[in-house]
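To keep things clear, I will list the structure first and then write my remarks on it.
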Amino acid sequence: MATKKVLVTGGSGFIGSALVKSLLEQGHSLRVIDDNSRGAVRRLESVWSDIEFVDGDIRDAQAVEKACRGMDCVCHLAYINGTEYFYSKPALVLEVGVKGMLNVLDGCESAQVPELLLMSSSEVYQTPPASMIPTPETVPLIVPDPLEARYSYGGGKIISELLALNYGRTRYQRVLVVRPHNVYGPDMGEQHAIPQMVSRMFALGQATQSSPLPFPIQGTGQETRSFVYIDDFLEGMRYVLESGEHLNIYHVGTDVESPIGEVAQQIARALGFQIELQTGDLLPGSTLRRCPDISKVARLGYQPKISLQDGIGRYVEWFLSHKQRNGEHE
């Protein structure tokens, strides 16, 4: 696509900072707004002189409106991610999600920004019907239990999608919604499955010399996810931004469904361990299966290339050389 002036909200987070670097490589001009409550400026050190950084809270309407001025496109990623926060800070998750979305929409309207991309989540459909796995963009969006704190995250994303798409009917030239599916890669926060398992397994291996290493997991190990490496995900984003159609939703990930127990075994092999899985209870509201139908984004040209084994190997290699950083903010 033609080069543009792009604002990335939440641009010091894991996906946000990677997106910033990808857009810079494509020739775009970048502005970032983030308060670094969940991100880290160091992620942007390599491109610091090439971007404009705004230290601001997405809940601050004036800061957001100012950041939107002069932009051709806003990519809205600012949100509170990490499963532990869904349970421990559900009100804050919703406050940041809903106020942030409204502030971005108002800021874009005031600054006459023609394009908006919302980074949503697979959590909007939570547990898909078995007949809809792999799961297309047309799956019903649900909050199974409003009393369960976990659904604060998915609920906020559902509201964000509704706001973006309905504002988009009359106020934008193009509104796009992307639902990432279990993106992982170097410098990701430990609140996510693969980084958490790598960190726990490494610590257990350092603390005991037993083999096989007893490794506790949630559930039976047969629960599934479809993990996509960050480089593949960024390729998907490029196709959506270049060719995505107005008021359309795109699932970006991989359609390879992997049992969590096998993911743990692949991590063990990458670390050089033998493990014995110790199964346990799932957290309330956990999803048993998740695998996106990516045929819609594939029609734009997207095709993931990095296997889970290769991606885990890359992540473990990064982890072993950056252990002192692991566990910082997402």
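Taken together, the values in this text are just the output of simple stated rules run on the coordinates, not laboratory data. Source: prediction; values computed, not measured. Note: ideal-geometry Cβ built from the backbone for every residue, glycine included; neighbour counts use all protein chains shown.
When each of Asp281, Asp255 is scored by the number of other beta-carbon atoms lying within 10 Å, the sequence from fewest to most is Asp281, Asp255. Only lysines eight or more places from Lys66 in sequence, or on another chain, were considered; those with a Cα closer than 29 Å are Lys4, Lys5, Lys21, Lys89, Lys99, Lys157.
Loop-resident trypsin sites (Lys or Arg not before Pro) (DSSP state other than H, G, I, E or B) in region 250-308 with no more than 11 further Cβ atoms inside 10 Å of their Cβ: Arg299, Lys305. Entry note, region 141-261: relative contact order of 36 percent, from Cα contacts under 8 Å with a spacing of 6+ residues.
Annotation note: GluC sites (Glu not before Pro) in region 192-263 located in DSSP loop regions with a Cβ neighbour count of at most 16 within 10 Å are Glu245, Glu257. A dipole drawn for the chain from +1 and -1 charges on Cβ atoms has a positive end, and of Ser37, Thr3, Ser49 the residue lying farthest that way is Thr3. For region 222-330, averaging the sequence separation of C-alpha pairs within contact (under 8 Å, six or more residues apart) and dividing by the residue count gives a relative contact order of 41 percent. Which of Thr279, Thr170, Thr127 ends up with the largest GNM mean-square fluctuation for the chain, with Cα atoms connected below 10 Å? Of the options given, Thr170 has the highest mean-square fluctuation.
In this Cβ point-charge picture (+1 for Lys and Arg, -1 for Asp and Glu), region 105-201 has a dipole of about 140 debye about its Cα centre. When only Cα pairs below 8 angstrom with a gap of at least 6 residues are kept, the chain shows a relative contact order of 18 percent. Converting the Cα gyration tensor eigenvalues of region 160-216 into ellipsoid dimensions via √(5λ) gives semi-axes, longest first, of 44, 9, 7 Å. For Lys5, nonlocal amide neighbours, meaning residues 5 or more places apart or on other chains whose placed amide H falls under 5 Å from its own, are Ser29, Asp72, Cys73.
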